[in-house]
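Comments concern the structure below.
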Amino acid sequence: MKIGIIGSTGMKIDLFTDRSQFETMAVGEKTFRYYHGYADDHEIFMTARNQYNGSVPPHAVDYKLIMKGMKLLQLDAIVGTAVVGSLSLQITPGSYLVLDQFLDFTKKTPHTVYDDGEFAFVDFSEPFCPVIRQSLIQACEAAGVSFLPHGCYVGVDGPRYETNAEVKMFAMLGGDVVGMTNVTEAIFARELGMCYATLCVVSNYAAGIGSAKEISRQDIFDQNIKSQDNTVEILKRFLSVYTGNEPCDCRKKNSDMLKSDITFNAQHPSD
Ligand SMILES: [Zn+2]
């Protein structure tokens, strides 16, 4: 299988059995960068959402470039990792969630991958691929980490963190965690007819939860460093259990309206 992994800030890339190679691919006028390697009979394409030095903030991530690049690589499955704040005392920093729903509170982040009048009415009743989700759940179990096999992600634009009132509202509405990246990726993946699911790592309690001290970038970064090994272990376990043989209908959900060709130009690395 050809598997894409979208890493969050600080994500290690050394989960390949063969040392991966850095490659680039033109997507229209832009350049898509990724590591290409192999693990457990899978061909792996891994990219860093925030670039490899974490220099791109969430509101400036070029989601169209990343997801169109992944489409051109003709992947069978994509796993996004996302760093999130917890909306509940019961969901502790260092634990994981395999998302099954989201609430979209973004306002500025691109909300569709389509350009120039092209569009599709896409079913989002279940926003994540059930087959990838099931393998991620098995991977979390095998890795022995604390995790929830479901979770509702509240997507916001950032880069600021949330107010106490916003966090209270998100929790009342059924949100479990809050973050700045996942909704857009999930939408673009579904619109492009790709199987996608998300592994969330909890880095902190959101505003007003628990001891209610200030949320700092440094605290979140420190927690991410602590979680790195577990995250890589879960992804390794995922690669060992995911076969892609089970059926899902993610790729059919946009078939009513989507034109057969995605209208952008690209060259593969070998071109
Ligand atoms: Zn699927």
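The values are calculated or read from the model by the stated rules, or taken from the named source; none is laboratory data. Remember, predicted model here, so these are calculated numbers, not experimental data. Cβ atoms come from the backbone with ideal geometry, glycine included; neighbour counts cover every protein chain shown. Protein only, heavy atoms only, side chains kept; ligands, DNA and RNA dropped before computing areas. Shrake-Rupley method; radii C 1.70, N 1.55, O 1.52, S 1.80 Å.
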*Does segment 25-42 contain at least one residue that is buried (at least 19 other Cβ atoms within 10 Å of the Cβ), assigned to a loop (DSSP other than H, G, I, E, B) and at pLDDT below 90?*
no
*Here are some residues: Y161, Y242, Y205. Which one is at pLDDT 85 or above and within 16 Å of the ligand (Cβ to nearest atom)?*
Y242
*May I ask you to say which residue of V84, V113, V98 is closer than 17 Å to M194 by Cα and crowded, with 19+ Cβ neighbours inside 10 Å?*
V113
*Determine whether V183 is open to solvent by less than 20 Å² (accessible area, probe 1.4 Å), aliphatic (A, V, I, L, M) and within 30 Å of L73 (Cα to Cα).*
yes
*Have a look at L192, L199, L173 and point out the one that is in contact (Cβ under 8 Å) with a residue 12 or more places away in the chain and in contact with a Lys or Arg (Cβ under 7 Å, 6 or more places away or on another chain).*
L192
*Among the residues of segment 124-153 satisfying the criterion of being without any contact (Cβ under 8 Å) to a residue 60 or more places away in the chain and within 16 Å of the ligand (Cβ to nearest atom), which is farthest from the chain's Cα centre (by Cα)?*
S125
*Within the set of pairs 6+ apart or on separate chains, which have a first residue in segment 18-36 that is within 19 Å of V113 (Cα to Cα) and among the small types (G, A, S), a second that is at pLDDT below 90 and not in a strand (DSSP E or B), and C-beta atoms under 6 Å apart?*
G28/F264; G28/N265
*asked:* Filter segment 154-168 down to the residues that are touching a residue at least 12 places away in the same chain (Cβ under 8 Å) and either surrounded by 15 or more Cβ atoms within 10 Å (Cβ to Cβ) or out of contact with any Gly (no Cβ under 9 Å at 6 or more places or on another chain) (or both) and list them by number.
replied: V154, G155, V156, D157, G158, P159, Y161, E162, E166, V167, K168
_Exactly one of these conditions fails for V167: (1) β-branched (V, I, T); (2) farther than 18 Å from G85 by Cβ; (3) away from the ligand (no atom under 15 Å from the Cβ). Give me its number._
(2)
*Filter segment 126-153 for residues that are open to solvent by less than 70 Å² (accessible area, probe 1.4 Å) and over 14 Å from V79 (Cα atoms) and give the result.*
A142, A143, G144, V145, F147, L148, P149, G151, C152, Y153
_Scan segment 79-101 and tell me whether some residue there is over 25 Å from H42 (Cβ atoms), in contact with a helix residue (DSSP H, G or I) (Cβ under 6 Å, 6 or more places away or on another chain), within 16 Å of the ligand (Cβ to nearest atom) and hydrophobic (A, V, I, L, M, F, W, C)._
no
*Would you please list the contacts, defined by Cβ atoms under 6 Å and residues six or more apart or on different chains, that run from a residue in segment 215-240 that is closer than 15 Å to L97 by Cβ to a residue that is in a helix (DSSP H, G or I) and open to solvent by less than 80 Å² (accessible area, probe 1.4 Å)?*
I234/A139; I234/C140; I234/A143; F238/S135; F238/L136; F238/A139
*Selection count where residues are assigned to a helix (DSSP H, G or I), of a type in the set (F, W, Y) and more than 15 Å from the chain's Cα centre (by Cα), scope segment 182-231*: 1
